[in-house]
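The values are calculated or read from the model by the stated rules, or taken from the named source; none is laboratory data. Just so it is clear, the structure is predicted and the values come from calculations on it, not from any experiment. Heads up, the Cβs are rebuilt from the backbone with ideal geometry, glycines too, and the neighbour counts pull from every protein chain shown. SASA here: full protein model, heavy atoms, side chains in, ligands and nucleic acids out. Shrake-Rupley method; radii C 1.70, N 1.55, O 1.52, S 1.80 Å.
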Amino acid sequence: MSSLKRRLKAVIMLLRPPYWLMTGGLSVLTMFTLLKGVPEYDLLGLVVLSAICISSGGFAFNDYIDQESDAIVKQNRPIPSKILSPWEALLAAVILFAIGLVAALSINWLCFGLALIDSVLLVVYSKIIKKSAGFFGSFLMGFLIGTSFVYGESALFGAFTISSLSLSFMSMGSIGGNILRDVLSLEGDLKAGYATLAAKRGTAFATKVGAVFFLLNAVSSPIPYLVGAVGYAYLIPIIVWDIILVISGVTLLRNSDIDVVRKHERLVTRTMILIPIALILGAFT
């Protein structure tokens, strides 16, 4: 592979484009759902630009902070593989945060405030929380996904209400998934010195906590419909996902075997596609 192709692949790995669907994508879907139509294109562009730049800035900064631990457990990452230098990752983070904040300010002051809070939390997470906070680290990353819903409504109306707050409850499934992924990566986390919930309290306890968040997500998922944020068709795919969450949650409460954890973490993660489907259907009814 040529040097240019290797660097391009490393940059893509640094920025984590698939996660843009969990930030800018959810914000856009929230706008579409609450407006029940297509927002102005320039507003859509600013929302997407700000969201993906803030999230990718957080990933780039995380790689900069984790360069020593990644050299132990993730040697294919851009910095340990020496394809990108640490200062390039840090520079990318600074530039991306700056672009994201300017784009957010171009929308309105509330979006700027939310983007600034998310940026600070991403920096604090990588620098402090990730290696010492256990459960709070997993909770924080799910919380940041939840702010994507609030960000979408704030971009539309310059304020947020119970509508986007009720949608943000669906981030509890992400919190549960984060905890289970820490269970699956326990060996590497111990080598890297990450004090995850599984590392602090054991895999059985962590698995049960992750299962509880799956069940909480299932219980709270009808709230957007009950408060009038979405139409009745939203419930069709959400009920399907709730059944999956309940089955996985109950199974994991009873059995914390690593193979069972892996099976249900993958099942819940892959069926998260039902969330955007539910939002789209909810906007039409």
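Quick notes on this one:
- Residues of the range 196-222 that are part of a loop (DSSP other than H, G, I, E, B) and surrounded by 19 or more Cβ atoms within 10 Å (Cβ to Cβ): 196, 221.
- Of the residues in the range 75-82, not one is in a helix (DSSP H, G or I) and open to solvent by 50 Å² or more (accessible area, probe 1.4 Å).
- Residue within the range 59-81 that is of a type in the set (Gly, Ala, Ser), under 30 Å from residue 190 (Cβ atoms) and modelled with pLDDT of 95 or more present: yes
- Taken over the range 149-170, the residue count meeting the criterion of being buried (at least 24 other Cβ atoms within 10 Å of the Cβ) and either out of contact with any helix residue (DSSP H, G or I) (no Cβ under 8 Å at 6 or more places or on another chain) or within 16 Å of residue 271 (Cβ to Cβ) (or both) is 1.
- Tally, over the range 176-195, of residues that are open to solvent by less than 30 Å² (accessible area, probe 1.4 Å) and either assigned to a loop (DSSP other than H, G, I, E, B) or on the phi > 0 side of the Ramachandran plot (or both): 2
- Per-region count, the range 224-247, residues hydrophobic (A, V, I, L, M, F, W, C), part of a helix (DSSP H, G or I) and open to solvent by less than 80 Å² (accessible area, probe 1.4 Å): 8
- The residue pairs whose first member lies in the range 235-261 and is closer than 23 Å to residue 281 by Cβ, whose second member is among the small types (Gly, Ala, Ser) and not in a helix (DSSP H, G or I), and whose beta carbons are closer than 6 Å, counting only pairs six or more residues apart or on different chains, are 238/221; 242/221.
- Criterion violated by residue 165 - all others in (1) assigned to a helix (DSSP H, G or I); (2) under 20 Å from residue 201 (Cα atoms) satisfied: (2)
- Matching residues in the range 28-68 - criterion: being open to solvent by less than 50 Å² (accessible area, probe 1.4 Å) and outside any helix (DSSP H, G or I): 37, 39, 66
- Counting only residues that are touching a residue at least 24 places away in the same chain (Cβ under 8 Å), open to solvent by 20 Å² or more (accessible area, probe 1.4 Å) and farther than 16 Å from residue 51 by Cβ, the range 136-148 holds 1 of them.
- Residue count for the range 248-276 satisfying the condition of being more than 17 Å from residue 174 (Cα to Cα), open to solvent by 60 Å² or more (accessible area, probe 1.4 Å) and of a type in the set (Val, Ile, Thr): 1.
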